Amino acid sequence: MIFELTARHVFPDPVLADEDGLVAVGGDLHPDRLLQAYRRGIFPWFNPGDPILWWSPDPRMILYPERFRISKSLSQRLRSGKFRVTFNQAFESVIDHCAAVPRKDQAGTWITPDMKEAYCRLQQDGHAMSVECWAGDSLAGGLYGVCLPAAFCGESMFSLQTDASKVALAALVSHALTEKWHFIDCQLYTAHLERLGAEKISRTEFLRQLKIAVSCLNY
């Protein structure tokens with residue numbers, strides 16, 4: 001049975017998710033509810049016009065910063081100086097591009113206006129972050145996600161020029177190593193992320209590691 005959320009910001013144990021990883025339905029995108037969800041290993045993902053759906057997939061795709069794979073071509077791109085990287089300088093624009101850039105085998109976007117507003121509020125409160133990749137004064141790629149005490153939950157990324165999103169991810173990984181984040185949550189498997197070093201772990205193991213990352217005292 002799928003848990004139906006009420007006005008209270010309460011989630012069921014994610015281990016109760018169905019075989020597809022669906023944990024709950026309904027509720028809202030209030031920042032407090034979103035933060036509680038991410039801290040429990042749950043994230044929202046739904047189509048426009050549908051009720052809000054909350055997920056905790058098994059297995060989970062994560063990237064340990066120290067295992068990030070930099071290909072020869074990406075290494076050359078990083079050394080070339082073609083792109084300039086910033087953090088939190090164009091959060092709203094990054095979300096807009098993530099919503100608008102077409103994706104293979106995907107029609108439309110799950111990044112609704114309500115989703116955009118919710119994550120912008122999280123960013124304003126210091127709980128979300130964007131990484132921007134610039135070619136001159138033009139945004140060429142980027143990503144955004146939610147910040148936890150010792151982990152980063154990636155939400156979406158986009159690229160308008162070759163390797164721009166990879167450069168943004170490389171900058172995020174470097175930041176993660178500096179901040180001693182335990183992992184970057186990539187949520188769902190893609191071959192692209194696997195080539196960059198991300199790997200699948202069980203939900204049980206993910207929740208164990210997440211609990212440690214959320215309880216870090218150096219937040």
Tell me, D50, D28 in order of fewest to most beta-carbon neighbours within 10 Å?
D50, D28
For the chain, with only Lys/Arg (+1) and Asp/Glu (-1) charged at the beta-carbon, what is the dipole magnitude about the Cα centre, in debye rounded to 20?
940 debye
Can you tell me which of R39, R69, R60 moves the most in a GNM of the chain? Springs connect C-alpha atoms under 10 Å apart.
R69
So for the range 61-214, taking the charge dipole from beta-carbon charges (+1 Lys/Arg, -1 Asp/Glu), which of L177, A135, W110 sits furthest toward the positive end?
L177
Going from the alpha-carbon gyration tensor of the range 122-166, what semi-axes, largest first and in whole Å, does one get by taking the root of 5 times each eigenvalue?
22, 11, 7
Quick check: residue separation of D18 and Y189 times 0.36 nm, minus the Cα distance between them. What number comes out in nm?
59.8 nm
Taking r as the C-beta separation of T178 and D137 and R0 as 30 Å, the FRET efficiency to the nearest 0.05 is 0.65
Other-chain or far-sequence residues with amide H under 5 Å of H182's (modelled H):
A151
With a bin width of 10 angstrom, please list the P(r) values of the range 1-119 as percents of all Cα-Cα pairs, from the 0 bin to the one holding the largest distance.
11, 31, 34, 18, 6, 0
Trypsin sites (Lys or Arg not before Pro) lying in DSSP loop within the range 124-219, provided at most 16 other Cβ fall within 10 Å:
K180
Using DSSP to define loop residues, name the GluC sites (Glu not before Pro) in the range 17-92 whose beta-carbon has at most 16 other beta-carbon atoms within 10 Å.
E19
For the modelled label position 7 Å from the Cα of S93 along Cα-to-Cβ, which residues of the range 109-137 have backbone nitrogen atoms closer than 11 Å?
132-137
Suppose the chain between Q36 and T86 were pulled fully straight at 0.36 nm per residue; how much longer would it get relative to their current alpha carbon spacing?
15.2 nm
Can you work out the FRET efficiency for the pair A7 and V101, with r the C-beta to C-beta distance and R0 = 35 Å, to the nearest 0.05?
0.50
Karplus-derived 3J(HN,Hα) from phi for the range 66-79 (6.51 cos²θ - 1.76 cosθ + 1.60, θ = phi - 60°), whole Hz, x at Gly and Pro, runs 6, 10, 4, 9, 9, 5, 4, 5, 5, 4, 5, 5, 5, 6
Assertion target for T109, T178, ordered by fewest C-beta neighbours within 10 angstrom first, is T178, T109
Taking only Cα atoms of the range 3-57, what ratio of Rg to Rh do you get with Rh as the Kirkwood inverse-distance radius?
0.91
How tilted is helix 91-100 with respect to the longest principal axis of the chain? Cα atoms for both, answer in degrees (0 to 90, nearest 10).
80 degrees
Would you calculate, for the chain, the mean residue ellipticity at 222 nm contributed by helices, counting each DSSP H stretch of 4 or more residues as -39,500 (n - 2.57) and dividing by all residues, to the nearest 500?
-10000 deg cm²/dmol
Summarise the long-distance tail of P(r) for the chain by giving the % of C-alpha pairs beyond 26 Å.
33 percent
For each of V146, V10, V101, count neighbouring Cβ atoms within 10 Å of the residue's Cβ, then give the residues from fewest to most.
V10, V101, V146
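Read-outs: derived from the displayed coordinates by stated rules, not from any lab. The structure displayed is predicted, hence computed values, not measured ones. Please note: Cβ atoms are built from the backbone with ideal geometry, for glycine as well, and neighbour counts cover all protein chains shown.
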